[in-house]
Amino acid sequence: MEPCVHIIDDDKSFRTALGRVVEASGYRANCYESGEEFLARLPESEAGCILLDLRMPGLSGAELQARLAQAVPLLPIVFLTGQGTIAAGVQAMKAGADDFLEKPISAKILRDVIDHALARNEERRAGRDQIQALRARVSRLTPREIEVFDLVVRGKRNKQVAYDLNTSERTIKAHRHSIMEKLNLTSLAEMVSIAERLGRLEPTHAVLDPRPASSPKANIRYR
């Protein structure tokens, strides 16, 4: 589905004018008079972005932003407001807004802002698709292979993993070989990267030794 620019503003004349500019720029536009209306008509596709007023009756822009972080997290939010303050702008950006602009805004700046927001949206959707693909790959592992995977990426050697799982070192080597094949990996570093991206491993203090895992000194150390 083609990306859509969602315009949420209680000012009907501004909302309509903004929609015309968006469509004249070659984008699809959907307009909403309130945050409540947008929540009631949440888009099925997260391809696009949101142009959001800051101050509206009912849900404010900031309150809606907080809800949308859970409802449609991939849609970048650009605030357009005629009553903005530095503090409000800082708060919105800290909460994840893509941009914070004052009304009125020129058509050229608006196009540039939308282009940037749509590019961000595409990056987020690509990242989500990559994570889903990684989860699908990991789901092919058996429960025992998952246990081995989680211990290996934490730097434990085959002997340590075998002790923890009360089995033989030869069995752990067989599991590691199977894991590498199922995940289509060529190195321990790739396995660690997958674990980090899937949230199975905290990356903060990981130090990966570049030497082969078969080396007696190769290890991943956590300080």
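The values are calculated or read from the model by the stated rules, or taken from the named source; none is laboratory data. Since the model is a prediction, treat every value here as computed from it, not as a measurement. Cβ placement follows ideal geometry from the backbone for every residue including glycine, while neighbour counts extend to all protein chains displayed.
Summary of values
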| quantity | calculated |
| --- | --- |
| Within region 100-202, helices (runs of 4 or more DSSP H) holding 3 or more residues that are within 30 Å of Phe14 (Cβ to Cβ) and not hydroxyl-bearing (Ser, Thr, Tyr) | 107-138 |
| Of the criteria (1) over 16 Å from Phe100 (Cα atoms); (2) at pLDDT 90 or above; (3) in contact with a helix residue (DSSP H, G or I) (Cβ under 9 Å, 6 or more places away or on another chain), which one Glu46 fails | (2) |
| Matching residues, region 87-99, being touching a helix residue (DSSP H, G or I) at 6+ places or on another chain (Cβ under 6 Å) and either surrounded by 14 or more Cβ atoms within 10 Å (Cβ to Cβ) or not in a loop (DSSP other than H, G, I, E, B) (or both) | Asp98, Asp99 |
